[in-house]
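See structure below.
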There are 2 protein chains.
Amino acid sequence: MIQRLKQRIEAARGDIPADLVLKGGEVINLFSCEILHTDVAVHDGMIVGLGEYEGLQNIDVQGRYVCPGFMDGHFHIESSMLSPEELARAVLPRGTTAIVADPHEIANVMGKEGIRYILKSSEDLPLDIYMMLPSCVPATDLETSGARLSAQELLAFKGQPRVLGLGEMMNYPGVIHGVDSVLEKIAAFNHSTKDGHAPLVSGKELNAYIAADIRSDHECTVLEEAKEKLRLGMFIMIREGTQAKNLKTLLPLVSPATVRRCMLVTDDLHPHDLLEKGHLNHLLDLAVAQGIDPILAIQMVTLNPARYFGFKDLGAIAPGYRADMVVLSSLQPVGIDMVLKGGEIVFQEGQVKPGRARQDAANHFTSMRIYPYGPDTFAVRQMGSHMRVIRLIRDQIVTMCEVVGVPNTGLVISDPEQDLLKVAVVERHHATGNVGIGFVKGFGLKQGALASSVAHDSHNIVCVGCNDQDMYVAVKDIETMGGGLAAANHGQVVAHLPLPIGGLMSDRPLHEVARGWEKMREVANHLGSRTEQPFMALSFLALPVIPELKITDRGLVDVNRFEHVPLFT
Amino acid sequence: MIQRLKQRIEAARGDIPADLVLKGGEVINLFSCEILHTDVAVHDGMIVGLGEYEGLQNIDVQGRYVCPGFMDGHFHIESSMLSPEELARAVLPRGTTAIVADPHEIANVMGKEGIRYILKSSEDLPLDIYMMLPSCVPATDLETSGARLSAQELLAFKGQPRVLGLGEMMNYPGVIHGVDSVLEKIAAFNHSTKDGHAPLVSGKELNAYIAADIRSDHECTVLEEAKEKLRLGMFIMIREGTQAKNLKTLLPLVSPATVRRCMLVTDDLHPHDLLEKGHLNHLLDLAVAQGIDPILAIQMVTLNPARYFGFKDLGAIAPGYRADMVVLSSLQPVGIDMVLKGGEIVFQEGQVKPGRARQDAANHFTSMRIYPYGPDTFAVRQMGSHMRVIRLIRDQIVTMCEVVGVPNTGLVISDPEQDLLKVAVVERHHATGNVGIGFVKGFGLKQGALASSVAHDSHNIVCVGCNDQDMYVAVKDIETMGGGLAAANHGQVVAHLPLPIGGLMSDRPLHEVARGWEKMREVANHLGSRTEQPFMALSFLALPVIPELKITDRGLVDVNRFEHVPLFT
């Protein structure tokens, strides 16, 4: 270690040539908030000097900008549907060199094994994948998840390399009301960073939540909400992802005086958005288009997340910092020319440098354990004159509960003419045989069935369909694939996207996954679906923490009352 | 722990009364950079809520400001000449609730025992005393210090409560040139905070110094120097102490964009300045008078040092932060009405709340081990026709070397008429018998002798005098006191200030020590001294790292050549 330190010092002094020098660039200085014309010398993976340097390798970056690599402070890998290896290949060309992942979804499916998979498969990648441990597995007791993680089980990961703390504490009612099992987790991560998740919580309840030492929030949707949280000491993660878009609303929060407490994050980014819009580079463009100074915008994806998570060697171009850098052809819009990770060029001329061989992670994950079922599993016997129906609201994940009359037919079936479709959740973790069945309006499917093993947060198999046979075929196909998305019609699978890693993630590259996702959307629309993103709508039908009426493997949930309710009233 | 957490949450929620509520104050919010009218609820030593609260105790602070307690990020306790207990009593009324001390001086005298004394005597004080371990003991090999501290010895303290990292790395040439013993210390404190000290270092040498992961500097004296260091990633500690005053020069560095990388520190603050001008409250007044926004100024003595040193619960008024607060009657100038530490009122109505009983720390520290000596020890036999004389420069600690002719008298003696005085350094740590003797011009003493066991950085006894007998008497008095300052005339001690703690610090309260210091100055001036602060000038005569000619127990040092030189040329 002393020899390495000595060599770095010699390179900084200019007494030995640095490994690499970026010559004559416009360097974004996030400490002084200036752009400085200077060389950047890199040695042994670290930045060692700014000034005039000569290296063993010299790269002319005149007329281009040199910027620290981008860091996404709150990111769910599962939403990208990519394995960590493929995620690295996907985000490096977009300037990202570090993400902080909360493997909440895969942990709900596979528990500690899922966390270990993410840690293991992200070792030695050219993308730093840090982890905040999922704090809320399962999200509720209203459904059957694949795993439960207690404070004790989370502690097994504390202190491991790249594990930074406790992930978003979604159970804010549990914190605010001092529930023991929740406080145990907070106490277990005393002195560690703890991320928050407290949508619209304010006043004394917000004070209570923050008094439990939770210091960030990415759920602000209203400017005043963000102001209150910032004043009370939270770091504000301004989120702009596929599902939730809060950037324009929240940017007025950002000023030179407040920026140090702000970050830009994506939270959930689906493969098509990642492919077509980009990652943090896209958020920078949006922020600058809204009038934010580019240097302040860059601070929010570099120095600020680095400081929040306690890194002293990330997020800036200065001696002693890791040589994770992006060379930009332009600032507005952000044009990514070259990306360096630890001083190595990992993206150049449109190409990601080949990393290690792709691992067939899918082999490790047979996550489907389903009690035998058939088409008749989805049959619903009439048990009353009226039933509760989930009413979708366009482009929202909240739903309404609608009570409709039931024709006196013995069995209640889908009625596509009336846009009344059967929706089922099939438990797939422990072969319990649980199947929850309800009905949904607003989905618009005219024929066939759609099914998905991505079904927040427990990721059982959720299926919507016009008839029981196609529902069975779609669910069966997902079981056969070991997870994924499927569409069936006339008793046949018409399209599917395998997601063999926990039923959540593909082992294929971004463009294939994005194309597959797009294909599934087209097929669903062809089958009559009226929603913009049918498989996203489907996956959120099963999320029993978002009001008003949702479906789980154990039946319908009235989210406002936080309890199960029968189908028939 | 969970029960305490639960109670804090209940108090934050308002379901149980908080221990204490500051009602209706103007709260300085350092996150949003606003002043907000709100109550502050405190429970179990922590701030738990902002908003409307009722407590078991309610204090009306309407019309007053509520501010986090001040934190001095770089402070040498020894310069205050106060024991930690008395320092707490001295700085709390001035708004300081935390200091980061580098016990460099006492460690030079007593080594690890000195560090242990500071840690032990500052336990459970109403002032948080944190420590950066002294990195450069001894400062040089040109003199005899009381102790040597290797990386291995420093490591014994790493990880102890309140030990934050490695203190100011004064041996910047050693870092820049990669000296093993220096790099060992840096490597030993890998991942810990390491303070810098690099006066006027710039360019590639500065890059080299910072590449060794040293991330702060308090030695900037020129604005451009501070700008360069800030750009290269150093936190800039803007210093304004008794000896070095850099605040006005450096304040133009501070803007909303850069302030997060800036702090205000005092470094060395003598008792009379502390008593008469104040501590960080005085620096705030100076900064605001220079046009700095009061909220930015306060950031530099609260949130910014807290973040630099990695504290997540210090430096702001927000839930989950320690209830270390100052109630101000006015912002301009800063008027301290009340100070709370951990939710307890520790200063109110001009009175510090009685703390624990003062400990007689002096008993533990017999730091005087001197080889027998007498008046003739100070005799100088003429060994040449010319000699090197230290020429004081008014109000500076740098000196010049002047060569003067020597009358052919056998013995060379002081000649007060010509302002040529004998100066001696008597080794006092290991009874080596080392006595270095030289001559000084510019001190101006007309009769008697002055001596001090405060003599940077090895703190042997330094003495200047008009005759050998008075020099002997003064040095003997210091030995008898176990350290301190002494003035002798006509063979008698005419005034002294005992500093029994390592020969550096008193065990008496601030006002007594300040009065004693003032008395010593008056007596010295009465004896003819022309310097503004005779005992400070005396103590720096022995500091062999500041050019040009200095005196140590092993003789004169040519600081530019960094070697000993003989008295006679």
Just the number please: accessible area per residue for chain A, 1.4 Å probe, all protein chains included, in Å².
34 Å²
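Give the average, rounded to an integer, of partner chain Cβ atoms located within 10 angstrom of each Cβ in A:251-264. Show your work: numbers first, answer last.
Numbers: counts 0, 0, 1, 0, 3, 7, 13, 5, 3, 10, 4, 0, 0, 0.
That works out to 3 on average.
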Just checking the output field for B:177-190: average partner chain Cβ neighbours within 10 Å of each residue's Cβ?
3
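Which net charge results when you count Lys and Arg as +1 and Asp and Glu as -1 among the other residues whose beta-carbon is under 10 Å from that of B:Arg64?
Working: positive: none; negative: B:Glu26, B:Asp60, B:Asp337.
Combined, the nearby Lys, Arg, Asp and Glu give -3.
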Quick one: grab the alpha carbon gyration tensor of the range A:423-502, order the square roots of its eigenvalues as a ≥ b ≥ c, and give me rounded if a/c is under 1.5, else prolate or oblate depending on whether a/b is larger than b/c.
oblate
Over all directions, chain B yields a Cα convex hull whose mean projected area in nm² is 25.3 nm²
State the answer as a single residue: which of B:Thr531, B:Pro544, B:Pro566 lies farthest towards the positive end of the charge dipole of the range B:457-569, with beta carbon charges of +1 for Lys and Arg and -1 for Asp and Glu, about the Cα centre.
B:Thr531
List, shortest first and in nm to one decimal, how far the label point of B:Glu417 (7 Å from Cα along Cα→Cβ) is from its counterparts in the other copies.
13.1
Lys and Arg at +1, Asp and Glu at -1: add these up for the other residues within a Cβ distance under 14 Å of A:Gly335 and post the number.
-2
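Given the peptides B:202-211, B:406-415, B:336-345, A:31-40, arrange them by the average over their residues of other C-beta atoms within 10 Å, most packed first. Please report the intermediate quantities before stating the final value.
Numbers: B:202-211: 24.2, B:406-415: 14.1, B:336-345: 20.7, A:31-40: 18.5.
So the order, starting with the most tightly packed, is B:202-211, B:336-345, A:31-40, B:406-415.
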In sequence order, what are the phi-derived ³J(HN,Hα) couplings for the range B:549-557 according to the Karplus relation 6.51 cos²θ - 1.76 cosθ + 1.60 with θ = phi - 60°, rounded to whole Hz, with x for glycine and proline?
10, 9, 10, 10, 5, 9, x, 5, 10
Length gain on complete extension for the stretch A:Lys248 to A:Glu522, per 0.36 nm per residue less the alpha carbon to alpha carbon distance?
95.7 nm
Determine the alpha carbon to alpha carbon distance for each of A:Lys245/B:Lys312; A:Lys185/A:Lys248; B:Lys158/B:Lys185; B:Lys112/B:Lys185 and list only those over 23 Å.
A:Lys245/B:Lys312; A:Lys185/A:Lys248
How far, in nm to one decimal, is A:Phe562 from itself in the other copies if the label point is set 7 angstrom along Cα toward Cβ? Shortest first, please.
6.7
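Counting only protein heavy atoms, what percent of the accessible surface of the range A:132-185 is carbon or sulfur at a 1.4 Å probe?
Details: 990 of 1960 Å².
Of all accessible area on the range A:132-185, carbon and sulfur atoms account for 51 percent.
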If each label sits 7 angstrom from Cα along the C-beta direction, how far apart, in nm, is B:Lys519 from its counterparts in the other copies?
9.4
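About the Cα centre of the range A:437-531, how large is the charge dipole given +1 on each Lys and Arg Cβ and -1 on each Asp and Glu Cβ? Please answer in debye to the nearest 20. Could you put the intermediate results ahead of the total?
Working: 8 positive and 9 negative charges, 62 e Å.
Dipole magnitude for the range A:437-531 comes out near 300 debye.
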Hey, what angle do you get for helix B:280-289 against the long axis of chain B, alpha-carbon based, 0 to 90 degrees rounded to 10?
80 degrees
Percent antiparallel among DSSP beta bridges confined to the protein assembly as shown, nearest 5, equals 70 percent
Please list A:417-430, A:500-513 highest first by mean number of surrounding beta-carbon atoms within 10 Å per residue.
A:500-513, A:417-430
Residue-wise, which Karplus ³J(HN,Hα) couplings in Hz belong to the range B:127-143, taking 6.51 cos²θ - 1.76 cosθ + 1.60, θ = phi - 60°, and x for glycine or proline?
10, 6, 10, 9, 9, 9, 6, x, 8, 10, 10, x, 5, 9, 9, 8, 8
With everything on Cα atoms, drop me the angle between helix A:112-121 and the longest principal axis of chain A, reported from 0 to 90° to the nearest 10.
40 degrees
Which residues of the range B:197-213 end up with at least 30 Å² less accessible area in the presence of all protein chains than when their chain stands alone, using a 1.4 Å probe?
B:Lys204, B:Asn207, B:Ala208, B:Ala211
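Please report the orientation-averaged projected area of the protein assembly as shown, defined via the convex hull of its C-alpha atoms, in nm².
On the way: hull surface 181.5 nm².
Quarter of the Cα hull surface area: 45.4 nm².
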Find how many whole Å separate the alpha carbon centroid of the range B:229-261 from the alpha carbon centroid of the range B:63-115.
20 Å
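Just checking the output field for A:46-59: average partner chain Cβ neighbours within 10 Å of each residue's Cβ?
Details: counts 2, 5, 6, 8, 9, 7, 2, 2, 0, 0, 0, 0, 0, 0.
Other-chain Cβ atoms within 10 Å of each residue's Cβ, averaged: 3.
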What order, most packed first, do the peptides A:122-128, B:137-143 have when packing is the mean number of other Cβ atoms within 10 Å of each residue?
B:137-143, A:122-128
Over all directions, the range B:121-278 yields a Cα convex hull whose mean projected area in nm² is 10.9 nm²
What's the buried accessible area, both sides, between B and A using a 1.4 Å probe, rounded to 100 Å²?
5200 Å²
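Can you give the charge dipole size of the range A:190-286 about its Cα centre, rounded to the nearest 20 debye, using +1 on the beta carbon of Lys and Arg and -1 on the beta carbon of Asp and Glu?
Working: 12 positive and 14 negative charges, 79 e Å.
It works out to roughly 380 debye.
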Sequence-distant lysines (8 or more away, or on other chains) whose Cα lies within less than 16 Å of A:Lys422:
A:Lys441, A:Lys446, A:Lys550
Counting all Cα-Cα pairs in the range B:1-152, those more than 29 Å apart amount in percent to 39 percent
Relative to the longest principal axis of chain A, what angle (0 to 90°, nearest 10) does the C-alpha long axis of helix A:510-526 take?
30 degrees
Rounded to the nearest 500, what is the 222 nm mean residue ellipticity of chain B from helices alone, with -39500 (n - 2.57) per DSSP H run of 4+ residues and division by all residues?
-7000 deg cm²/dmol
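What does the extension gain come out to for A:Asp376 and A:Arg4, with contour length at 0.36 nm per residue minus their alpha carbon separation?
Numbers: separation 372, 0.36 × 372 = 133.92 nm, distance 6.83 nm.
Roughly 127.1 nm would be gained on extension.
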So who's got an amide H within less than 5 Å of the one on B:Leu20, skipping anything under 5 residues away but keeping other chains? H placed 1.01 Å off N, in plane.
B:Val42, B:Leu56, B:Gln57
Net charge over other residues, Cβ less than 11 angstrom from the Cβ of B:Met505 (K, R count +1; D, E count -1):
-4
How far apart, in nm, are two points set 7 Å out from the Cα along the Cα-to-Cβ line at A:Val565 and at A:Asp141?
2.1 nm
Given charges at beta-carbon only (K, R positive; D, E negative), |dipole| of chain A in Debye:
500 debye
Along the range B:63-72, Karplus-curve 3J(HN,Hα) (6.51, -1.76, 1.60; θ = phi - 60°) to the nearest Hz, with x for Gly and Pro, reads x, 10, 9, 10, 9, x, x, 7, 10, 9
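The values are calculated or read from the model by the stated rules, or taken from the named source; none is laboratory data. Predicted model, so just to flag it, every value in this text is computed and none were measured. Ideal geometry is used to build each Cβ from the backbone, glycine not excepted, and the neighbour counts take in all protein chains shown. What goes into the accessible areas is simple: the full protein's heavy atoms, side chains included, and nothing from ligands, DNA or RNA. Shrake-Rupley method; radii C 1.70, N 1.55, O 1.52, S 1.80 Å.
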